[in-house]
Amino acid sequence: MTMAATTGRTAIAEPAAAPPRGPVTAHRTRLWALAEVRWAAAATALFVLGVVADVAGAPGWATWTLYLSCYVAGGWEPLWAGLTALREKSLDVDLLMIVAAIGAASIGQVLDGGLLIVIFATSGALEAYATQRTADSVRGLLDLAPEHATRLTAAGGEEVVATAELVVGDEILVRPGERVGADGEVIDGASDVDQATITGEPLPVPKLMGDEVFAGTLNGGGALRVLVTRPAEDSVVARIVAMVRQASDTKAPTQLFIEKIEQRYSVGIVVATLLIFAVPFFGLGQSLDDALLRAMTFMIVASPCAVVLATMPPLLAAIANAGRHGVLVKSAVVMERLGATDRVAFDKTGTLTEGTPRVADVRVLPGTQLDAAGVLRLAAAAEYRSEHPLARAVVTAAAERGISPDPVTDFSSAPGRGVSALVGGHRIEVGSPAHLLREITGPADTVVPELEEAGRTAVVVRVDGTPVAVLGIADRPRPGAAGTVRAVAELTGAPPVLLTGDNARAARRLAREVGIEDVRAGLLPEDKVAAVRELEDAGYRTLVVGDGVNDAPAMAAAHLGVAMGRAGSDLALETSDAVVVRDELDTIPSVIALSRRARRVVMANLVIAGTFISVLVVWDLAGHLPLPLGVAGHEGSTVIVGLNGLRLLRSAAWPGERRQGAEPRRTGV
């Protein structure tokens, strides 16, 4: 038996094998699945066991076995990579640290060498994990567009084909609940399409003949015939993927600069160590042991352990503090860069607003015998069986006022128009003004424009064919949105920007409520990227705050991106550099201020570490630095800068604390 799907003028039989349906799922790589993570964990465990064995007075061979096993577990990958680079006439810091660790072990300082191994193995594991998750997020984005579509043949039949095979000029059928398979134009049918993944609009958009639809958007309750106007590789979703990748590639010059610094540092330390050994041994006739001891002492005191700990503890402590207050900062680099932000761009729906439509106005028309409660009772009854977001807003508004909807019969729903039902013997209609006020004049003609000018979505309620009320539905701002905007403006010294795919009237209304003057509305993802690049070209280090797939390219193109954790899409969460776990906007200015404090601590630590290293190196070169004293100075500077950085773990270090001694808001991060 076949079933027909009405598309407005035609009825098309449903094929026996429907294309795959279901929720979009993102590919995720588990942390433990990465070899780098497993080797780093093994190296850390062996190092800890070695320290415990050493303190417990275990036999020397047992302690050395554990330490050397730590060397092998954590050092074989950077050693192999370093040797590979060496064959290409390149020298990197990883190879230098392996050599330093081996040199330390050769003069009995096996614990120092093990610590170096653990630090660099852990760093490499975190880098590998971050890289893999970025790749996962891009693959997850590709899942937005379905793998298959129903193509209509010239003979009037149907065939299920891969969306990659669709070409411009093909016609496809999109059934209720399916994702649109390609960018195109509606040539038949009517439906409401949820295109929040592309434009960020909070409500489904009515689509009629001649309207544009995008691949990956979710069709509502009607069926659509769509003429394909773009090939798969040029669809909006495909362009989002390309923009994320391109924006990531633009960070390569900074990475290249870091690699040049590493190369010069590595070569300098190796050359200096060889000279410190060769000149006394070959030129001054110093004994092999003395010359080797001086060279290894130099390598130890010149090693960057103190510099690494000068930077990492304060940043990691700040990350932990931010996590306790509901902000997940993904790396120490991000925590450091947050403090450099001098312009913030906010998305609208789901970021500055809650992302859920609510009834904001009930305008009862003159001459109507009903009051607001009566209107809501009838409207909620008619909308009760509908799954449209506007219908849920009406039902929720009635429930919040303690109003129970009356029983209904003869319910019907028309996509893009509204619903109709019999309630208590009266025909109740709730729907769009364009449909319900057609060929009808009256007070509603002035109420509807007023609500729409205020940024509301107008919904008309008719009883037995007579308009009785107009409901104004809007997405309301998040608590604290206005305060966050003020705090960000004061902190950065520049007014925030609103970037949204929503219509200009709704955007201006929200902007007035939260205090934003620079409003850019009706933006597609590429338009948001262009706006961010405009700000960056003007010299601003821009922080983009968003929640949707459509915000991900702008996040990737910006100096930094922050995603809303509860409402955020998978791609936004993965592309972002930080996540506001509980969607509390007031944590954004707080984490920027915390980052600035961490940067000051880092600078102080670098001065301390640099001073210790300089003094110890000069002492070793100009005089005779005893190895125990060199190790003590090296480790002492490491402890000092580490403890200084850990001060940022205190709750009082969080700028958002309202009172001294207040408990932080726990999130489980």
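Do we find a residue being more than 41 Å from the chain's Cα centre (by Cα), modelled with pLDDT of 85 or more and aliphatic (A, V, I, L, M) anywhere in the range 602-616? Within the range 602-616, one or more residues are more than 41 Å from the chain's Cα centre (by Cα), modelled with pLDDT of 85 or more and aliphatic (A, V, I, L, M).
Out of 420, 404, 413, 386, one residue alone is within 42 Å of the chain's Cα centre (by Cα), surrounded by 17 or more Cβ atoms within 10 Å (Cβ to Cβ), at negative phi and in a loop (DSSP other than H, G, I, E, B). It is 386. Filtered by the rule that a residue be outside any loop (DSSP other than H, G, I, E, B), out of contact with any helix residue (DSSP H, G or I) (no Cβ under 8 Å at 6 or more places or on another chain) and not β-branched (Val, Ile, Thr), the range 368-379 gives 372, 373, 374, 378. Put simply, of 399, 379, 393 the only residue that is more than 16 Å from residue 456 (Cβ to Cβ) and outside the structural domain of residue 222 (by TED's automatic domain parsing) is 399. Against the test of being out of contact with any helix residue (DSSP H, G or I) (no Cβ under 7 Å at 6 or more places or on another chain), surrounded by fewer than 24 Cβ atoms within 10 Å (Cβ to Cβ), within 27 Å of residue 480 (Cβ to Cβ) and of a type in the set (Val, Ile, Thr), the options 581, 607, 618, 639 yield a single qualifying residue, 581. Look at residue 412 and say whether it is in contact with a Lys or Arg (Cβ under 9 Å, 6 or more places away or on another chain), under 25 Å from residue 209 (Cα atoms) and either of a type outside the set (A, V, I, L, M, F, W, C) or modelled with pLDDT of 90 or more (or both). So residue 412 does not fit the description; no. Considering (1) closer than 30 Å to residue 313 by Cβ; (2) within 9 Å of the chain's Cα centre (by Cα), the lone condition that residue 542 does not fulfil carries the number (2). Pairing residues of the range 157-176 that are on the phi < 0 side of the Ramachandran plot with residues that are in a helix (DSSP H, G or I) and of a type in the set (A, V, I, L, M, F, W, C), at Cβ distances under 7 Å and at least 6 apart in sequence or on separate chains, gives 163/232; 164/232; 166/232.
Output the residues belonging to the range 423-442 that are surrounded by 15 or more Cβ atoms within 10 Å (Cβ to Cβ) and assigned to a loop (DSSP other than H, G, I, E, B). Within the range 423-442, 432, 437 meet the criteria. In the range 494-519, the qualifying residues are those that are of a type in the set (Asp, Glu) and either in contact with a Cys (Cβ under 7 Å, 6 or more places away or on another chain) or not in a helix (DSSP H, G or I) (or both), and the one that is farthest from residue 589 (Cα to Cα) is 502.
Of a type in the set (Ser, Thr, Tyr) and surrounded by fewer than 23 Cβ atoms within 10 Å (Cβ to Cβ), is that true of residue 575? When the stated conditions are applied, residue 575 does not pass them.
Checking the structure you have, find out if any residue of the range 481-493 is assigned to a strand (DSSP E or B), more than 30 Å from residue 377 (Cβ to Cβ) and aliphatic (A, V, I, L, M). Scanning the range 481-493, I find no residue that is assigned to a strand (DSSP E or B), more than 30 Å from residue 377 (Cβ to Cβ) and aliphatic (A, V, I, L, M), so the answer is no. Might you check whether a residue that is touching an Asp or Glu at 6+ places or on another chain (Cβ under 7 Å) and either charged (D, E, K, R) or surrounded by fewer than 17 Cβ atoms within 10 Å (Cβ to Cβ) (or both) occurs anywhere in the range 462-471? There is at least one residue in the range 462-471 that is touching an Asp or Glu at 6+ places or on another chain (Cβ under 7 Å) and either charged (D, E, K, R) or surrounded by fewer than 17 Cβ atoms within 10 Å (Cβ to Cβ) (or both).
Between 493, 501, the distinction of being within 30 Å of residue 437 (Cβ to Cβ) and among the small types (Gly, Ala, Ser) belongs to 501 only. Return the residue satisfying two criteria in turn: it lies in the range 452-488 and is within 20 Å of residue 351 (Cβ to Cβ) and polar (S, T, N, Q), and of such residues it is modelled with the lowest pLDDT. Ranking the qualifying residues of the range 452-488, first place goes to 457. All conditions but one from (1) at pLDDT 90 or above; (2) crowded, with 20+ Cβ neighbours inside 10 Å apply to residue 533; the one that does not is (2). Taking the range 335-367 as the range and being in a helix (DSSP H, G or I) and under 23 Å from residue 534 (Cβ atoms) as the test, the residues that pass are 337, 338, 348, 349, 351, 352.
Restricting the range 98-157 to residues that are at pLDDT below 75 and assigned to a loop (DSSP other than H, G, I, E, B), the residue that is surrounded by the fewest Cβ atoms within 10 Å (Cβ to Cβ) is 108. Just one residue in the set 351, 341 is within 23 Å of residue 499 (Cβ to Cβ), of a type in the set (S, T, N, Q), buried (at least 21 other Cβ atoms within 10 Å of the Cβ) and within 15 Å of the chain's Cα centre (by Cα); that residue is 351.
Provide a single number: the residues in the range 489-510 that are at pLDDT 90 or above and crowded, with 23+ Cβ neighbours inside 10 Å. Final tally of qualifying residues: 3. Just one of the listed residues (351, 356, 341, 368) is hydroxyl-bearing (Ser, Thr, Tyr) and at pLDDT 90 or above, and it is 341.
The values are calculated or read from the model by the stated rules, or taken from the named source; none is laboratory data. Since this is a predicted model, take the numbers as computed values, not measurements. Cβ atoms come from the backbone with ideal geometry, glycine included; neighbour counts cover every protein chain shown.
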